[in-house]
Amino acid sequence: MTNDSHAGQIVILNGAPRSGKSSIARAIQDEFEGPWINLGVDAYNAMTPKRYLPGIGLRPGGERPDLEELVPFLYAALYESIAIHAGFGLNVVADLGHHDSYSQPLGILADCARRLEGFPVLFVGVRCPIETIMQRREIKQEGRETLYLRATDNVSVPEPVQRWQEEVHRPGIYDMEVDTSVLTALECAEAIRHQLDLGISEPSAFDRIAGGR
């Protein structure tokens, strides 16, 4: 699917769990002009049958090869939905955790980028030091008490958390990056707004990813 001059803007936020992506997405929805639809991992997994979770949130390390066959199809369907929303002139923000550290490479990010060919996509790397991420994992959230791995007396950074930190930013091709240990969610959103006002450099990050560059 290709766009026209009336297509909505797409912002993809990519980073590890607890890096602050969801807070930035909410700030974009609250502060930016026009309707911004959130089609991120939490929203999509809320529609995924429980027996197939964590779905597109499957973490690095090849821990659930039984789910891997489904994950590319879930991502493909999500990105086709993003394209459809944008094609109708709706803006989309999606907070995701892309990686290719499965039991074998699946090439999901490149496939997703190709599905948005012709659309205005700003690909944002959301970075955060692992020390800050571990602090945020200690913060209790209603309904998420068992969702996040935490430090123990013997292990300051659980191995799965370290894997996220290492794998989520490969290959690290972005249009821009933000650091949520330095900027608030609102400040990150304002930086994204400023970049959108300036325009996305050509070729965009997704153009380079789709073309294997």
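The values are calculated or read from the model by the stated rules, or taken from the named source; none is laboratory data. Source: prediction; values computed, not measured. Here the Cβ positions follow ideal geometry from the backbone for every residue, glycine too, while neighbour counts run over all protein chains shown. Side chains are part of the model used for accessible areas, which takes the heavy atoms of the whole protein and leaves out ligands, DNA and RNA. Shrake-Rupley method; radii C 1.70, N 1.55, O 1.52, S 1.80 Å.
Numbers for the structure displayed
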quantity	calculated
Check on Ile24, out of contact with any Phe, Trp or Tyr (no Cβ under 8 Å at 6 or more places or on another chain), under 22 Å from Arg127 (Cα atoms) and open to solvent by less than 10 Å² (accessible area, probe 1.4 Å)	yes
Single unsatisfied condition, Leu78 versus (1) in contact (Cβ under 8 Å) with a residue 40 or more places away in the chain; (2) under 18 Å from Ala25 (Cβ atoms)	(1)
Single condition Arg59 does not satisfy, out of (1) closer than 14 Å to Val168 by Cα; (2) surrounded by fewer than 18 Cβ atoms within 10 Å (Cβ to Cβ); (3) touching a Phe, Trp or Tyr at 6+ places or on another chain (Cβ under 8 Å)	(2)
Segment 191-213 - residue that is without any contact (Cβ under 8 Å) to a residue 24 or more places away in the chain and assigned to a helix (DSSP H, G or I) and, of those, nearest to the chain's Cα centre (by Cα)	Ala191
Condition met for Ile84 (more than 20 Å from Ile192 (Cβ to Cβ) and within 11 Å of the chain's Cα centre (by Cα))	no
Qualifying positions in segment 124-135 - surrounded by 20 or more Cβ atoms within 10 Å (Cβ to Cβ) and either assigned to a helix (DSSP H, G or I) or in contact with a Lys or Arg (Cβ under 7 Å, 6 or more places away or on another chain) (or both)	Val126, Ile133
Candidate set: segment 8-19, residues that are open to solvent by less than 20 Å² (accessible area, probe 1.4 Å) and not β-branched (Val, Ile, Thr); chosen: the one farthest from Asp100 (Cα to Cα)	Gly8
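Here is a yes/no grid of residues against (1) at pLDDT 95 or above; (2) within 20 Å of Asp179 (Cα to Cα); (3) hydroxyl-bearing (Ser, Thr, Tyr); (4) open to solvent by 50 Å² or more (accessible area, probe 1.4 Å):
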site: His99; (1), (2), (3), (4): yes, yes, no, no
site: Cys112; (1), (2), (3), (4): yes, no, no, no
site: Leu147; (1), (2), (3), (4): no, no, no, yes
site: Glu159; (1), (2), (3), (4): no, no, no, yes
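Residues are listed down the side, and each one gets a yes or a no for (1) farther than 17 Å from Pro17 by Cβ; (2) of a type in the set (D, E, K, R):
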site	(1), (2)
Gly57	no, no
Glu63	no, yes
His85	yes, no
Phe88	yes, no
